[in-house]
1. Could you list all residues from the range 108-122 that are surrounded by fewer than 20 Cβ atoms within 10 Å (Cβ to Cβ) and assigned to a helix (DSSP H, G or I)?
2. Taking the options 76, 80, name whichever one is more than 20 Å from residue 16 (Cα to Cα), without any contact (Cβ under 8 Å) to a residue 60 or more places away in the chain, assigned to a loop (DSSP other than H, G, I, E, B) and touching a strand residue (DSSP E or B) at 6+ places or on another chain (Cβ under 9 Å).
3. Which residues, counting only those in the range 294-328, are within 21 Å of residue 252 (Cβ to Cβ), under 21 Å from the mean Cα position of the chain (by Cα) and not in a loop (DSSP other than H, G, I, E, B)?
4. Taking the stated definitions as given, is residue 125 more than 30 Å from residue 288 (Cβ to Cβ) and in a strand (DSSP E or B)?
5. Say whether the condition of being more than 23 Å from residue 105 (Cβ to Cβ) and free of Cβ contacts under 8 Å to residues at least 24 places away in the same chain is met by at least one residue in the range 23-43.
6. If we only count helices (runs of 4 or more DSSP H) wholly inside the range 167-273, which ones have 3 or more residues that are surrounded by fewer than 20 Cβ atoms within 10 Å (Cβ to Cβ) and more than 25 Å from the chain's Cα centre (by Cα)?
7. Can you give me the ranges of the helices (runs of 4 or more DSSP H) entirely in the range 475-558 with at least 3 residues that are at pLDDT 80 or above?
């Protein structure tokens, strides 16, 4: 199986981190092939003599998907330990790869838990799928068992590293091997673009809904949503048209009411069915199959399609609309729901090496984008997550507000391209910061003690920083370098933002370097700080015959 370029980088990053650390995590958006990556990492990890691998997941669908993908990538048929599936013989698995559910591993009590049937005196490579769950007690207990040998290694993969309960993944994983988010995937032509539209609901009032574990209590959510069912479902049907739509509902009762309204005579729409955790396995398989075949236009689900289900798109159209009828404060949950629609149609981008050509192929396909349909009402003290939060990552607060103001105005009447609007909001904010910076230069002559945000001082907008990395403070070396360049720094500056500031400083010559270069007839605008230093050294050592050639090689495109 040929890996995509970012998948190769992910595998290389994993191998590098695990060569000097016991654990690492890879973060990739849904639809980018996390299973392929960890299957390849397992193949490399098994080169150590005596090492075996175990893949841990929390859903049956994920178990079977992982087993099939590992076999396809490595040629090794894994054993499965789950329910009636048994994989152990004298403490060892028959296959060098074991795939097991976390519930099965924890089954039993004390030293009689099922995990203890497997020996842990030899090295294991432990892979945790959807590893944002790995901070829970049940996972940590199993991970500790298989990590007893000093040569054992731990790899986590996830699309959603955020956790509302603030239990950082850093408690389990020492390093981050690779990150590739949904915006990267869209820009590089591996995922379909996301458009957004809002439906305004006058009777949707979440202001009094209580919060539990960082998100809405489901009973409160169900009660609030009941009052606005008609004004949510009827506009949805009108906006969707004939597009295949995956609906996320809050509770089983809520899902039943949504499906009942869609299926009413006179609605002039396709059929809807529901699936939930209690739906019998055969019925669930039938509903998902008919939805993938296009025989069913609406699939209304309750916490079933968030993880472990990939749309097969057998109808040649795929999931074209994600209707977020389950409002959430959780970026991770929203990301999981939205990710069910970002995959490209099978065959659309196969064999295309150029990102622009991939984007063009997606645009020409039957799934040129996926629509995220969100619903607006009175949220009170709550802040709901929407598509802009996902594509913007942890974008600057000012950029987020600028995007939200425009989106909630424009996306009520039309579908807007989320990534394009975020880019525009960032550009507009950068212009505003540049204007502030110039005003500050004038003002600084009069008020030299005035403090200013270091990003404003440089006229740049900070890029997104993963939440768990923002907890690491800037190093003394970083702070010293920035302060030497005249920046006043906040006490809570983290290492990620410090790196961005240093990167911005190093992207152009210092004032002293620029003055020297101009004095010798050299334009400094096309050089970064290191290149400027190289050219200055050549000028000082009277190697002018080499300067032109070096400048040509260092020039960046206009």
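1. 110, 111, 112, 114, 116, 117
2. Numbers: 80 fails: assigned to a loop (DSSP other than H, G, I, E, B).
Unique residue meeting the criteria: 76.
3. Once the filter is applied, which keeps residues that are within 21 Å of residue 252 (Cβ to Cβ), under 21 Å from the mean Cα position of the chain (by Cα) and not in a loop (DSSP other than H, G, I, E, B), the range 294-328 yields 322, 323, 324.
4. Working: more than 30 Å from residue 288 (Cβ to Cβ): yes; in a strand (DSSP E or B): yes.
For residue 125, the condition - more than 30 Å from residue 288 (Cβ to Cβ) and in a strand (DSSP E or B) - is met.
5. Within the range 23-43, none of the residues are more than 23 Å from residue 105 (Cβ to Cβ) and free of Cβ contacts under 8 Å to residues at least 24 places away in the same chain.
6. Numbers: elements: 182-187, 218-226, 229-240, 252-262.
Fully inside the range 167-273 and qualifying: 218-226, 229-240, 252-262.
7. Details: elements: 476-484, 495-506, 511-519, 529-540, 544-554.
Of the helices (runs of 4 or more DSSP H) lying wholly inside the range 475-558, those with at least 3 residues that are at pLDDT 80 or above span 476-484, 495-506, 511-519, 529-540.
Yes/no per residue for (1) touching a strand residue (DSSP E or B) at 6+ places or on another chain (Cβ under 8 Å); (2) over 23 Å from residue 411 (Cα atoms):
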position: 175; (1), (2): yes, yes
position: 181; (1), (2): yes, yes
position: 187; (1), (2): no, no
position: 199; (1), (2): yes, no
position: 203; (1), (2): yes, no
position: 213; (1), (2): no, yes
position: 216; (1), (2): no, yes
position: 219; (1), (2): no, yes
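The values are calculated or read from the model by the stated rules, or taken from the named source; none is laboratory data. No experiment lies behind these values; they were computed from the predicted model shown. Please note: Cβ atoms are built from the backbone with ideal geometry, for glycine as well, and neighbour counts cover all protein chains shown.
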